[in-house]
1. For segment 1-79, which strands (runs of 3 or more DSSP E) that fit wholly inside it have 2 or more residues that are modelled with pLDDT of 90 or more, in contact with a helix residue (DSSP H, G or I) (Cβ under 9 Å, 6 or more places away or on another chain) and closer than 16 Å to residue 120 by Cβ?
2. Would you check if residue 150 is loosely packed, with under 10 Cβ neighbours inside 10 Å, part of a loop (DSSP other than H, G, I, E, B) and either over 16 Å from the mean Cα position of the chain (by Cα) or at pLDDT 65 or above (or both)?
3. Would you please name the residue that is surrounded by the fewest Cβ atoms within 10 Å (Cβ to Cβ), looking only at residues in segment 84-110 that are under 15 Å from residue 125 (Cα atoms) and in contact with a helix residue (DSSP H, G or I) (Cβ under 8 Å, 6 or more places away or on another chain)?
């Protein structure tokens, strides 16, 4: 009787382990710079068909908007380039681009690499470089503001 419980427990643990490992594999997104992505296009370990996070910079070419029929109807699909050095990847994206999306700006694109040099994006993330650059007083604690004077009356306004 104990052998049946041990065998059942081992089978249950094995199945749970398999589910954990397979879900971790399918849920991970590999971070790949554009140059590394394009360098493997002609090799046997190409990234074609894989879900990736491509990092680089928005190309200088203007974004093109082309209509595309989807199950939700006709949508405008954005087409742009992500570049790094002399390498580039053509990206298509069907959602609204971020407000900080600018030529030459840093960009991270999550999607499926459908053919050499072509990525169908699901998410496009950018950041404004000026928000992250060290400016005057960077790294120093902010000074406390001095009070302008005694506060009186309703709401702290002076009369």
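1. 51-58
2. Working: loosely packed, with under 10 Cβ neighbours inside 10 Å: yes; part of a loop (DSSP other than H, G, I, E, B): yes; either over 16 Å from the mean Cα position of the chain (by Cα) or at pLDDT 65 or above (or both): yes.
Here the answer is yes, as residue 150 does meet what is asked.
3. As a first pass, look at segment 84-110 and keep what is under 15 Å from residue 125 (Cα atoms): 91-110.
Subset that is in contact with a helix residue (DSSP H, G or I) (Cβ under 8 Å, 6 or more places away or on another chain): 105-106.
Working: 105: 14, 106: 16.
Only one residue fits best here, namely 105.
The values are calculated or read from the model by the stated rules, or taken from the named source; none is laboratory data. No experiment lies behind these values; they were computed from the predicted model shown. Cβ atoms come from the backbone with ideal geometry, glycine included; neighbour counts cover every protein chain shown.
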